[in-house]
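Just below is one structure, and these are the notes that go with it.
The values are calculated or read from the model by the stated rules, or taken from the named source; none is laboratory data. Here the structure is a predicted model, which is why all the values come from computation and not from measurement. Backbone-built Cβ (ideal geometry, glycine too); neighbour counts: all protein chains shown.
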């Protein structure tokens, strides 16, 4: 791990996990900083997800990727967010947008099902970028111990299809925001 | 209701399924526990009840279907969803027959799972709300709704408590306006049939043909205007209680029909050929002297004995003086609240007038008097002038008069006062217009 990756407690390290669009990740770090008021940087290293591939499903096991990200966490503790272009699944579910460790440091998000072109629409970098930010904040919220929220607009509302993500914003409601602020500033 | 108020048990022999599903539900905010097989699940169920149980169908040892049957006896309220690796119609049908709510195939579409669980939670929440409202409704109609502290009313409440839980046929005797229907509803509310309907039928207010159609229903085309098949009151009361009000007023033909129905709980709709079965409890009420009617031959003796299994007499208001003020205060609060008039009580002379009046129309008359007082009076207290009971209590000759003579004299007096206007007179007397017309006809009164 490079020295530049050693962020202080509560900061966010974005790790490319077979993610080709580095510009997207750079923008994500800027947006995360603006939304969560925590420093966010793109890691100087990346992680190949091949070890988590399940050939029969043609998908990647998110829990395995999560475990690997956890193994590579830095000290002092940093939120470590993997971003991947591959399609993720949790063993009993057909797909997931992402997964996180409840009260843990690691989370992973996939752009695969966030892309409008998957649904027969024209590619739209703005929509993709916004959806990625919302889902990243959602998974990071789980690392702070948050469960799904029911406050309209809050990023912690659960989503099972892409358009549902568009109905919420990257912002957190007052209660979720308080929890994230408190958890992210813990040493 | 919050998600954390819902508990979910996941029973699956694959740790990866338990962990993955458990994590997913935890993120949703549910209280989640897991079990690796039937035995572990039964141990969990011995500790607590769960709202939703996700059950793998193929497990070593006890199968999911076997466990589901056991769950039915331990945690009957739980909603069971079967998880299966392969969609097998036979197994799914068997599970659903055994009471499973749904079945899902692994791997599970998160969107489907999310909607399924939301739907089940909403359903459980509605069922819980429904049960609570029913209980509240039963409480409102129960013995607590019969107000009064007099020994007569306390005895009445004891009798209701005794007879309500049994399926005994009850006959309620009492003067008009004493609250016979309220007693019937209290009996129904205290019975195991309380979640099914109580269907009141006013036997006195309907012609023979109409009563027959109301009681038994009719088939399409049974008579002119019968464009559709219609269920009768006896059919609608299936599982519940049927309340025959003014049973003493039914014709000889209806008496015979009723006798047959009471014996067989089976009848034909008017114009129909197929017998209809209905399971109902019978409560009847009358203000007539049925024994005299039996002796005179106007009421069938066999029907009388069928209906009069357990008899309850409701005392007239004049025999429970101590309840008059209490009831008046109750009606005052009720109408003051509904009309948004800030009445707090009665002036001393109004209380005296209430106590002195004989209340021939009983509680209904008292209620009407208080309702009127709330309309015409000036808050915060009801004065004697606001009460339509200026005539002093007749303690003298009336004590030697028969009930019927008192009734005739009172109806005559009210009709005169209302200048023959039946609608106004019925309102003053606290009875419905049809009943007054019947009484005018019966007593041959001038209008």
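Quick grid of which residues meet (1) out of contact with any helix residue (DSSP H, G or I) (no Cβ under 7 Å at 6 or more places or on another chain); (2) assigned to a loop (DSSP other than H, G, I, E, B); (3) in the same structural domain as residue B:160 (by TED's automatic domain parsing):
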site	(1), (2), (3)
B:195	no, yes, yes
B:201	no, no, yes
B:209	yes, no, yes
B:212	no, no, yes
B:215	no, no, yes
B:221	yes, yes, yes
B:228	yes, yes, yes
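Each row is one residue, and each column tells you yes or no for (1) surrounded by 15 or more Cβ atoms within 10 Å (Cβ to Cβ); (2) more than 18 Å from residue B:251 (Cβ to Cβ); (3) without any contact (Cβ under 8 Å) to a residue 24 or more places away in the chain.
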residue	(1), (2), (3)
B:272	yes, yes, no
B:275	no, yes, yes
B:279	no, yes, no
B:286	yes, no, no
B:293	yes, no, no
B:296	no, no, yes
B:300	yes, no, no
B:305	no, yes, yes
B:310	yes, yes, no
Residue, farthest from the chain's Cα centre (by Cα), within segment B:300-317, restricted to residues that are part of a loop (DSSP other than H, G, I, E, B) and closer than 17 Å to residue B:263 by Cα:
B:300
Does segment B:149-167 hold any residues that are in contact with a strand residue (DSSP E or B) (Cβ under 8 Å, 6 or more places away or on another chain) and part of a helix (DSSP H, G or I), and which are they?
B:156, B:159, B:160, B:163
Just to be sure I understand, how many residues within segment B:79-121 are outside any loop (DSSP other than H, G, I, E, B) and under 26 Å from residue A:89 (Cα atoms)?
23
In segment B:367-378, which residue that is outside any loop (DSSP other than H, G, I, E, B) and touching a helix residue (DSSP H, G or I) at 6+ places or on another chain (Cβ under 6 Å) is surrounded by the fewest Cβ atoms within 10 Å (Cβ to Cβ)?
B:376
Under the condition of being more than 34 Å from the chain's Cα centre (by Cα) and in a helix (DSSP H, G or I), which residue from segment B:407-429 is farthest from residue B:440 (Cα to Cα)?
B:417
Apart from one, (1) away from chain A (no Cβ under 14 Å); (2) under 27 Å from residue B:70 (Cβ atoms); (3) crowded, with 17+ Cβ neighbours inside 10 Å; (4) touching a residue at least 40 places away in the same chain (Cβ under 8 Å) all hold for residue B:123; the odd one out is (3)
Looking across segment B:6-18 at residues that are in a helix (DSSP H, G or I) and touching a strand residue (DSSP E or B) at 6+ places or on another chain (Cβ under 8 Å), the single one that is nearest to the other protein chains (Cβ to nearest Cβ) is B:17
Of the residues that make up segment A:109-119, is at least one farther than 21 Å from residue A:163 by Cβ and either modelled with pLDDT under 95 or more than 8 Å from chain B (Cβ to nearest Cβ) (or both)?
no
Got a sec? Which strands (runs of 3 or more DSSP E) wholly within segment A:1-66 have at least 2 residues that are at pLDDT 95 or above?
A:12-17, A:59-61
Quick check, is residue A:155 over 24 Å from residue A:73 (Cα atoms) and in contact with a helix residue (DSSP H, G or I) (Cβ under 8 Å, 6 or more places away or on another chain)?
yes
Testing residue B:58 on (1) closer than 22 Å to residue B:119 by Cβ; (2) more than 9 Å from every other protein chain (Cβ to nearest Cβ), one condition comes back false. Which one is that?
(1)
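Can you tell me how many residues in segment A:107-133 are in contact with a strand residue (DSSP E or B) (Cβ under 6 Å, 6 or more places away or on another chain) and surrounded by fewer than 24 Cβ atoms within 10 Å (Cβ to Cβ)?
Result for segment A:107-133: 0.
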Is it true that some residue in segment B:20-28 is in a loop (DSSP other than H, G, I, E, B), within 14 Å of another protein chain (Cβ to nearest Cβ) and touching a strand residue (DSSP E or B) at 6+ places or on another chain (Cβ under 6 Å)?
no
Filter result (under 26 Å from residue A:24 (Cα atoms) and away from every other protein chain (no Cβ under 14 Å)) within segment A:129-166:
A:129, A:130, A:131, A:132, A:133, A:134, A:136, A:137, A:153, A:166
Given the criteria surrounded by fewer than 19 Cβ atoms within 10 Å (Cβ to Cβ), within 29 Å of residue B:105 (Cβ to Cβ) and either away from chain B (no Cβ under 14 Å) or free of Cβ contacts under 8 Å to residues at least 24 places away in the same chain (or both), does residue A:53 qualify?
yes
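Quickly run through segment B:22-68 and pick out the residues that are under 34 Å from the mean Cα position of the chain (by Cα) and surrounded by fewer than 20 Cβ atoms within 10 Å (Cβ to Cβ).
Result: B:48, B:49.
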At pLDDT below 90, away from every other protein chain (no Cβ under 14 Å) and within 18 Å of residue B:25 (Cβ to Cβ): does that describe residue B:98?
no
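Can you find a residue in segment B:71-78 that is surrounded by fewer than 17 Cβ atoms within 10 Å (Cβ to Cβ), within 14 Å of chain A (Cβ to nearest Cβ) and assigned to a helix (DSSP H, G or I)? Step through it out loud before you land on a result.
Narrowing segment B:71-78 to residues surrounded by fewer than 17 Cβ atoms within 10 Å (Cβ to Cβ): B:72-74, B:76-77.
Going one step further and asking which of them are within 14 Å of chain A (Cβ to nearest Cβ), we end up with none.
The answer is no, given that none of the residues of segment B:71-78 is surrounded by fewer than 17 Cβ atoms within 10 Å (Cβ to Cβ), within 14 Å of chain A (Cβ to nearest Cβ) and assigned to a helix (DSSP H, G or I).
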Run residue B:301 past the list (1) at pLDDT below 90; (2) closer than 26 Å to residue B:442 by Cα and report the number of the one that doesn't hold.
(1)
Filtering segment A:75-104 down to residues that are at pLDDT below 95, surrounded by fewer than 19 Cβ atoms within 10 Å (Cβ to Cβ) and more than 13 Å from chain B (Cβ to nearest Cβ) yields A:75, A:76, A:77
May I ask you to list pairs of residues, at least six apart or on different chains, whose Cβ atoms are under 7 Å apart, with the first in segment B:102-116 being more than 8 Å from chain A (Cβ to nearest Cβ) and the second being in a loop (DSSP other than H, G, I, E, B) and at pLDDT below 90?
B:105/B:87
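Evaluate segment B:430-444: report whether one residue or more is on the phi > 0 side of the Ramachandran plot, out of contact with any helix residue (DSSP H, G or I) (no Cβ under 7 Å at 6 or more places or on another chain) and modelled with pLDDT under 80.
Within segment B:430-444 (the criterion being on the phi > 0 side of the Ramachandran plot, out of contact with any helix residue (DSSP H, G or I) (no Cβ under 7 Å at 6 or more places or on another chain) and modelled with pLDDT under 80), the answer is yes, since at least one residue qualifies.
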